[in-house]
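What follows is a single structure, written as structure tokens, with notes after it.
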Amino acid sequence: MCGRYTLYSDKEEQAMKAIVEDVNKKYQVTLEKGDIYPSDLAPVYIAQKQPPGIGLKLMKWGYHGNFGKKTLLINARAETVLEKARFRDDFIKRRCLIPAVGFYEWNQKKERFRFTGATNLLYLGGFYHTPAEGPERFLIMTKAPVESVAEIHDRMPVIIPEKQGRDFLYSTEKALKMMSENQIVLKREAILETKQLSFINHFENRDSKKEK
């Protein structure tokens, strides 16, 4: 699964800082460096109708589960996303890309590892919906891992190459093909457990996390 990822830190490249500045200006918020947790607000890219292109929005990570606000769904399995009634329509009509510097996975010993792109930002594949009340919410899709991740965990987020991002957002057929491919080279590093800075204000208590 993907249960935490990094927005940016002091060392990160200008591309992510530009995204953060854009969101800060558009939504009049202050995004802080650090990690993104379930229920946090985070920037995502979506297909934009007017004007046509790719738009940047601020959404909350996680769908409320079947038992209300006390259960939070944060991931969806890419292999079965079209089979799940709750996810199918959102995946077909409302895919999104979640920019990240890196993501975390834990092994069976509870040791934490951070995975980053070899050269550029990562764009995690997901989808979103608009609830009757409150902000729009997104999920991150997961898939079988590449070798470097498989040594740590049996799932990893879907990662879309930057140059194919528009096709992922606009074409379901191309999106499905990309989800089955592994085109991104990842770097892995072990993380010593230290207190992490979180992202913006938490509007809810961190909920229990499940992958469907």
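Of note:
- Karplus-derived 3J(HN,Hα) values for the range 160-173, using 6.51 cos²θ - 1.76 cosθ + 1.60 with θ = phi - 60°, are 9, x, 3, 5, 9, x, 5, 4, 4, 6, 9, 10, 5, 4 Hz; glycine and proline are entered as x.
- With a threshold of 29 Å on the Cα-Cα distance, the over-threshold entries among Lys25/Lys70; Lys60/Lys143; Lys17/Lys84 are Lys25/Lys70; Lys17/Lys84.
- With distances taken between every two different alpha-carbon atoms, the range 5-211 has a Kirkwood hydrodynamic radius of 17.4 Å.
- Loop chymotrypsin sites (Phe, Trp or Tyr not before Pro), the range 11-111 (other Cβ atoms within 10 Å of the site Cβ: 10 or fewer; DSSP): Phe67
- Spatial separation of Cα centroids for the range 126-155 and the range 24-101, in angstrom: 9
- Phi-based couplings in Hz for the range 135-146 (Karplus 6.51, -1.76, 1.60; Gly and Pro marked x): x, 5, 10, 10, 10, 9, 7, 10, 8, 4, x, 6
- Fraction of alpha-carbon pairs over 20 Å apart in the range 52-134 - percent: 48
- Placing R0 at 30 angstrom, the Cβ-Cβ distance between Lys177 and Ala15 gives a FRET efficiency of 0.75 after rounding to 0.05.
- Loop trypsin sites (Lys or Arg not before Pro), the range 55-141 (other Cβ atoms within 10 Å of the site Cβ: 16 or fewer; DSSP): Lys84, Lys109, Lys110
- Estimated inter-spin distance, Ala85 and Lys49, nm [label 7 Å along Cα→Cβ]: 2.6
Bear in mind that the values in this text are calculations on the coordinates, not laboratory data. Remember, predicted model here, so these are calculated numbers, not experimental data. Cβ sites come from the backbone with ideal geometry, for glycine too, and all protein chains shown count toward neighbours.
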